[in-house]
1. When the range 310-322 is examined, which residues are found to be in contact with a Ser or Thr (Cβ under 9 Å, 6 or more places away or on another chain) and either at pLDDT below 95 or surrounded by fewer than 16 Cβ atoms within 10 Å (Cβ to Cβ) (or both)?
2. Among the residues of the range 290-310, how many are in a strand (DSSP E or B) and either of a type in the set (S, T, N, Q) or closer than 16 Å to I338 by Cβ (or both)?
3. Mind listing whichever residues of the range 110-141 are among the small types (G, A, S) and not in a strand (DSSP E or B)?
4. From Y183, Y196, which residue is in contact with a Pro (Cβ under 6 Å, 6 or more places away or on another chain), within 17 Å of M30 (Cβ to Cβ) and modelled with pLDDT of 95 or more?
5. Among L214, L244, L229, which is more than 22 Å from A267 (Cβ to Cβ) and aliphatic (A, V, I, L, M)?
6. With the requirement that a residue be crowded, with 16+ Cβ neighbours inside 10 Å, in a loop (DSSP other than H, G, I, E, B) and polar (S, T, N, Q), what does the range 331-359 give you?
7. What number of residues in the range 24-73 are of a type in the set (D, E, K, R), free of Cβ contacts under 8 Å to residues at least 24 places away in the same chain and part of a strand (DSSP E or B)?
8. Count, please, the residues in the range 44-57 that happen to be buried (at least 19 other Cβ atoms within 10 Å of the Cβ) and not charged (D, E, K, R).
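The values are calculated or read from the model by the stated rules, or taken from the named source; none is laboratory data. Remember, predicted model here, so these are calculated numbers, not experimental data. Glycine also receives a Cβ, built like all others from the backbone with ideal geometry; neighbour counts cover every protein chain displayed.
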Amino acid sequence: MIIIFLLFYQWVTIDIDTIVVNNNSKSLTMQSLVIDSFNTLHAIWHERVGNLYYLFYSYKKPDSNWAVPILLAETTNPNGVIACEPNGKVHIAFTSPIVNYNELYYLTNHYGSFQKIRVTNDNLWDASPTISFRNNLSHIVWIKSLEAGGYKLYYFIGKLDSFNIYQIRNSELGDFGLGASPYISVSPEGICHISYRGGNYPDYHIHHAENFFLGDTNFQYEVLTTANLYDYISAIYSKENGELFLCASGDDGWGTRKRTCYLHRPANSRIWEPYELMTDTNSADMRSFFVKNDKVHISWERMNGNIATRMIYHSSNFTNRWINSEVLADGRTASGGIVIDNNNFGYLLVCHQDGNNYQILCLKSRPFSGIKEKNSKDKKMKKIIILKDRKIRDFLYNISGQKVNYLKKGVYFLLGESSFH
């Protein structure tokens, strides 16, 4: 059977959900939107109320509306992150001050209603949590100040009522370690991978730390380099057999020419492939990250020197080359998490300002075709062809699985040989 797929290679917004709108300014993190195996979306965000940031949660099942937001916590730090189980139970980490110091909190609805615990209680500074859920356990990494000075990464592994905390001893965060921005991914085997900004000012690069088995407290480290002189922001995704996908943003050392690059480590290998420049000549900082069927999707914000423009774009390599497209470049938008569902539709959570109104929006993109091909003997991209209106003799199917025999003008993905006339 010969199959032709429409090649949708850019983000095109086809629907916008307004989750909440009011006069409170809002904040998102890279891990603010997740999706479960039932295609239910789960979102968190912070709203500024006086001197506090209120942490909210909402969800949306397929073909339904967003649920009424639930207030989960009050904090002074808009750094909440979320992960979810395949069944839709969610796990959230954030920090909140006790007297003079921020402490780490963990909450989940795994057992029904939301329950919260205070993870740390040591009068030391906790910051920048990142979270993953794997092997029926929550995995949280965050930055902690030390009594003797300096900063280290710490690792939480466990459940609400039973967990362990370890210092990642050789993590090098430098004198300004609160900006290390860790990002965690746990492989199917339970191996913990962490990317973070390591080194000392100004010689910053992305460091990768990994252990050797589930619950292992010994980590090995490596320093990664890209087209940038220095790198500051990163995100990582891990698969089985050690395969890794990583993106990093940095600059030329002068705060300009910001670029975002991609690094891949093949399965069963310790060697990273050469970096790829994702955002072309654009000055860009990564804002969210997602991997679907070995294809990477990020949102990025256009930068003017060190100034964020609040103009949001999408980049992906699902066509085997990096394609960048505008999402919402109105100068009034900040990006949160991005996900791709089981039908290849994209979703991006954003904060949007309209005068004195501040909104949390969820943008939905048309499906990205070519992410996963079925019933094809040849899954390799053969060529890109431009068609005029023409009849097709073979049995062809669109991205919804419906048989078609007439194609309008457009760009198509040819997976095999066919006849056109």
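1. Keep residues of the range 310-322 that are in contact with a Ser or Thr (Cβ under 9 Å, 6 or more places away or on another chain), which gives 310-316, 318, 322.
Of everything in the range 310-322, just one residue is in contact with a Ser or Thr (Cβ under 9 Å, 6 or more places away or on another chain) and either at pLDDT below 95 or surrounded by fewer than 16 Cβ atoms within 10 Å (Cβ to Cβ) (or both), namely F318.
2. Start the filter on the range 290-310 by keeping residues that are in a strand (DSSP E or B), which leaves 290-292, 295-304, 307-310.
Cutting the leftovers down to either of a type in the set (S, T, N, Q) or closer than 16 Å to I338 by Cβ (or both) gives us 290-292, 295-301, 304, 309.
Result for the range 290-310: 12.
3. Narrowing the range 110-141 to residues among the small types (G, A, S): 112-113, 127-128, 132, 138.
G112, S113 - these are the residues of the range 110-141 that are among the small types (G, A, S) and not in a strand (DSSP E or B).
4. Working: Y183 fails: in contact with a Pro (Cβ under 6 Å, 6 or more places away or on another chain).
Selected residue: Y196, the only one of Y183, Y196 that is in contact with a Pro (Cβ under 6 Å, 6 or more places away or on another chain), within 17 Å of M30 (Cβ to Cβ) and modelled with pLDDT of 95 or more.
5. Values: L214 fails: more than 22 Å from A267 (Cβ to Cβ); L244 fails: more than 22 Å from A267 (Cβ to Cβ).
Among L214, L244, L229, only L229 is more than 22 Å from A267 (Cβ to Cβ) and aliphatic (A, V, I, L, M).
6. At the first step, the residues of the range 331-359 found to be crowded, with 16+ Cβ neighbours inside 10 Å are 332-341, 344-353, 358-359.
Subsequent filtering for residues that are in a loop (DSSP other than H, G, I, E, B) retains 332, 341, 344-345.
Across the range 331-359, the qualifying residue is only N344.
7. Within the range 24-73, residues that are of a type in the set (D, E, K, R), free of Cβ contacts under 8 Å to residues at least 24 places away in the same chain and part of a strand (DSSP E or B) number 0.
8. Restricting attention to the range 44-57, the residues satisfying the condition of being buried (at least 19 other Cβ atoms within 10 Å of the Cβ) are 44-47, 53-57.
Narrowing the set further to residues that are not charged (D, E, K, R) leaves 44-46, 53-57.
The qualifying residues number 8.
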